Amino acid sequence: MVRNCRDLKFTLAPWPELSLKVQIPSSLLILSIVCFHLPQFLIELFNLLSLICLSETRPHISIVIPTLNEETGIREVLQSIPYRELGQLEVLVVDGGSTDGTIEVAKALGATVISQSQKGYGQAILEGAKYAKGDFVVIIDGDGVYDPREIPKMLGIMTSQKADMVIGSRYLGVIEPGAVPLIRQIGYRLMTLAINFLLNIKITDLFSGFRIFRKDLIRKIQNTVTEPAQYSMIFSAHKQNGKIVEAPITFYPRLGKSKMSTVDSGFRILRLILKESLVGIK
Ligand SMILES: Nc1nc2c(ncn2[C@@H]2O[C@H](COP(=O)(O)OP(=O)(O)O)[C@@H](O)[C@H]2O)c(=O)[nH]1
Ligand SMILES: [Mg+2]
């Protein structure tokens, strides 16, 4: 063998006796391995450093989960929270009057359960956020469509980009087959186009229910939001000059049945778009 060279032996699985031996300089071999793994290594290192910076300052994180009869989903969501990675944490389940075992499951798994005083998803988010003490407030659905294990990555992106709000974007990430019905996909796309145009922003997933806010921004939103709904929070965040960024996430089919009517939500969003565009013209 030549000095500083490595013997590489290639064998075809069905015929082990047919093998090819080549000599490659060790330095070349090391260089090619380094080049191949370097980009992935740098990404992992970056995420790790962001997380270390984050845990050094020890932020307190509040996770707010709206639920309405999500016995199966809430178990899955609470069991998937990366508690150790996130450090100081409070988990608030804001319940809209569940009659199944949601409340019992949530309590058994260590969450604080708040019974919302007024009806509706948006109202639940606002009530949960009011109660939250964290420096960062995470909003995530209780039906298993989002994976809490993506929270550290989202926080990393948020802190490295010094953003006030990060939206988990399904369109930058992966949508599992059957997770979003076609009618909703079309509606989301059209309304996203309209809102982006109206606010002169570029956000791919305005209707994602997976978001993280800095405390300051969510407090301002609470005081200025015109309607208790997640899309009107975008208008409000924008008016407060909050920096909004997105992080790619995976979207899974929900566990259990949907509680919100597509048509109803569609009309409410349209009404808000009209209202905001009229206010903008004035
Ligand atoms: N607290 C509360 N949670 C709600 C209400 N409506 C829906 N949710 C929860 O909000 C999340 C999103 O609702 P979902 O029915 O999945 O709506 P979809 O994702 O638009 O189909 C789920 O965790 C629901 O259980 C409500 O009126 N109050
Ligand atoms: Mg859902």
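Computed values, structure above
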{"read-out": "Odd one out for E76 among (1) surrounded by fewer than 19 Cβ atoms within 10 Å (Cβ to Cβ); (2) within 14 Å of ligand 1 (Cβ to nearest atom); (3) closer than 24 Å to I221 by Cβ; (4) of a type in the set (D, E)", "value": "(3)"}
{"read-out": "Residue among A179, A237 that alone is touching a Pro at 6+ places or on another chain (Cβ under 7 Å) and assigned by TED's automatic domain parsing to the domain that holds Q123", "value": "A179"}
{"read-out": "Residue under evaluation T112, criteria (1) within 16 Å of ligand 2 (Cβ to nearest atom); (2) of a type in the set (S, T, Y); (3) at pLDDT 95 or above; (4) more than 14 Å from P148 (Cβ to Cβ), criterion not met", "value": "(1)"}
{"read-out": "Residue selected from the range 152-171 under the condition of a type in the set (A, V, I, L, M) and in contact with a strand residue (DSSP E or B) (Cβ under 6 Å, 6 or more places away or on another chain), by the criterion nearest to ligand 1 (Cβ to nearest atom)", "value": "I167"}
{"read-out": "Pick from the range 84-117, criterion closer than 13 Å to L68 by Cα and part of a loop (DSSP other than H, G, I, E, B), ranking: nearest to ligand 1 (Cβ to nearest atom)", "value": "G96"}
{"read-out": "Odd one out for S261 among (1) more than 16 Å from ligand 2 (Cβ to nearest atom); (2) free of Cβ contacts under 8 Å to residues at least 12 places away in the same chain", "value": "(1)"}
{"read-out": "Residue list for the range 221-265, restricted to those being within 16 Å of ligand 1 (Cβ to nearest atom) and in a helix (DSSP H, G or I)", "value": "Q230, Y231, S232, M233, I234, T262, V263, D264, S265"}
{"read-out": "Residue within the range 118-141 that is over 15 Å from R219 (Cα atoms), over 16 Å from the mean Cα position of the chain (by Cα) and either more than 16 Å from ligand 2 (Cβ to nearest atom) or not assigned by TED's automatic domain parsing to the domain that holds L217 (or both) present", "value": "yes"}
{"read-out": "For R149: the one exception among (1) more than 16 Å from ligand 2 (Cβ to nearest atom); (2) assigned to a helix (DSSP H, G or I); (3) buried (at least 17 other Cβ atoms within 10 Å of the Cβ)", "value": "(3)"}
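Each row is one residue, and each column tells you yes or no for (1) touching a Pro at 6+ places or on another chain (Cβ under 6 Å); (2) at pLDDT 80 or above; (3) surrounded by fewer than 19 Cβ atoms within 10 Å (Cβ to Cβ).
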| residue | (1), (2), (3) |
| --- | --- |
| M233 | no, yes, no |
| V245 | no, yes, yes |
| T250 | no, yes, yes |
| P253 | no, yes, yes |
| G256 | no, yes, yes |
| R268 | no, yes, yes |
| L278 | no, no, yes |
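The values are calculated or read from the model by the stated rules, or taken from the named source; none is laboratory data. Quick caveat, the model's predicted, so the values are computed rather than measured. We place every Cβ from the backbone using ideal geometry, glycine too, and count neighbours over all the protein chains shown.
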